[in-house]
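This report concerns only the one structure given below.
The values are calculated or read from the model by the stated rules, or taken from the named source; none is laboratory data. All values derive from a computational prediction rather than experimental measurement. Heads up, the Cβs are rebuilt from the backbone with ideal geometry, glycines too, and the neighbour counts pull from every protein chain shown.
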Amino acid sequence: MGPIFFLIYKNDLPKLAPTGTKILLYADDTSIIVTSPNLENYKKQINKIFRDINYWFKLNQLVLNYNKTHYLQFNTKNSREYVLKINYQGNYVKSSPHTKFLGLIIDDSLSWKSHIDQMMSKLNTACFVIRSLQAIMSTETLRMVYFAYVHSVMSYGIIFWGNQPYSEKIFKIQKRVIRIITNSRMRDSCRELFQRLEILPLYSVETTNKMQPGNRIYYSTVH
């Protein structure tokens with residue numbers, strides 16, 4: 001049908017959402033958010049919206065893929081996790097500690113650890129590639145490779161995960177890449193290297209994503 005016609009086709013789906021429930025649509029990805037201060041009401045809301053959605057699917061000749069459907073229950077450190085049984089006609093939805101949403105891995109405590117771990121794997125691969133190219137390419141070319149394979153990964157969604165303690169691991173990989181590009185020693189300070197390459201450190205990248213146009217950008221202290 002094509003993405004536009006598909007969106008038109010299921011455009012009325014969010015109208016099923018009662019109070020305390022939101023249905024978010026993005027292309028063929030549908031997310032349902034249910035909130036309630038009362039546990040029993042919470043369970044009823046989840047099962048009701050799930051029944052309503054399955055009925056809507058049936059009327060519109062669509063089928064829910066249970067293998068790709070799961071629920072994520074957000075918890076705080078002091079909250080107790082409740083076992084939910086979400087099902088429709090004998091088909092159950094499985095629980096998951098994390099899920100991928102628009103390229104971001106969201107976990108049940110919003111720690112962003114799973115997302116950062118995935119980023120580390122990608123960035124370590126990029127670091128290996130740049131190390132392999134360092135002997136045969138100029139600094140300017142390596143800088144272009146950096147923006148294509150490191151900065152693009154590192155900056156995506158940074159306003160969400162950038163202030164987490166785990167982000168320090170990403171910063172260490174970034175500094176390692178900068179030292180490789182400039183052929184510097186591992187113990188050399190990166191502050192001048194960032195300025196020489198005109199590359200922002202991780203925490204400055206996060207700041208620029210939050211700043212309004214026209215504000216000045218400052219380099220953070222890097223060691």
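The one condition from (1) closer than 29 Å to PHE5 by Cβ; (2) in contact (Cβ under 8 Å) with a residue 24 or more places away in the chain; (3) of a type in the set (A, V, I, L, M) that ILE86 does not meet is (1). Once region 35-58 is narrowed to residues that are β-branched (Val, Ile, Thr) and surrounded by 14 or more Cβ atoms within 10 Å (Cβ to Cβ), the residue that is farthest from LEU84 (Cα to Cα) is ILE53. Reported count of residues in region 1-36, each being among the hydroxyl-bearing types (Ser, Thr, Tyr), in contact (Cβ under 8 Å) with a residue 24 or more places away in the chain and under 22 Å from GLY103 (Cα atoms), is 2. Restricting region 1-34 to residues that are in a loop (DSSP other than H, G, I, E, B) and among the charged types (D, E, K, R) leaves a set whose member that is surrounded by the most Cβ atoms within 10 Å (Cβ to Cβ) is LYS10. Under 30 Å from TYR166 (Cα atoms) and among the hydrophobic types (A, V, I, L, M, F, W, C), is that true of ILE116? Yes.
Taking the stated definitions as given, is TYR88 surrounded by 15 or more Cβ atoms within 10 Å (Cβ to Cβ), in contact with a Phe, Trp or Tyr (Cβ under 8 Å, 6 or more places away or on another chain), not assigned by TED's automatic domain parsing to the domain that holds TYR156 and not small (Gly, Ala, Ser)?
Working: surrounded by 15 or more Cβ atoms within 10 Å (Cβ to Cβ): yes; in contact with a Phe, Trp or Tyr (Cβ under 8 Å, 6 or more places away or on another chain): yes; not assigned by TED's automatic domain parsing to the domain that holds TYR156: yes; not small (Gly, Ala, Ser): yes.
Here the answer is yes, as TYR88 does meet what is asked.
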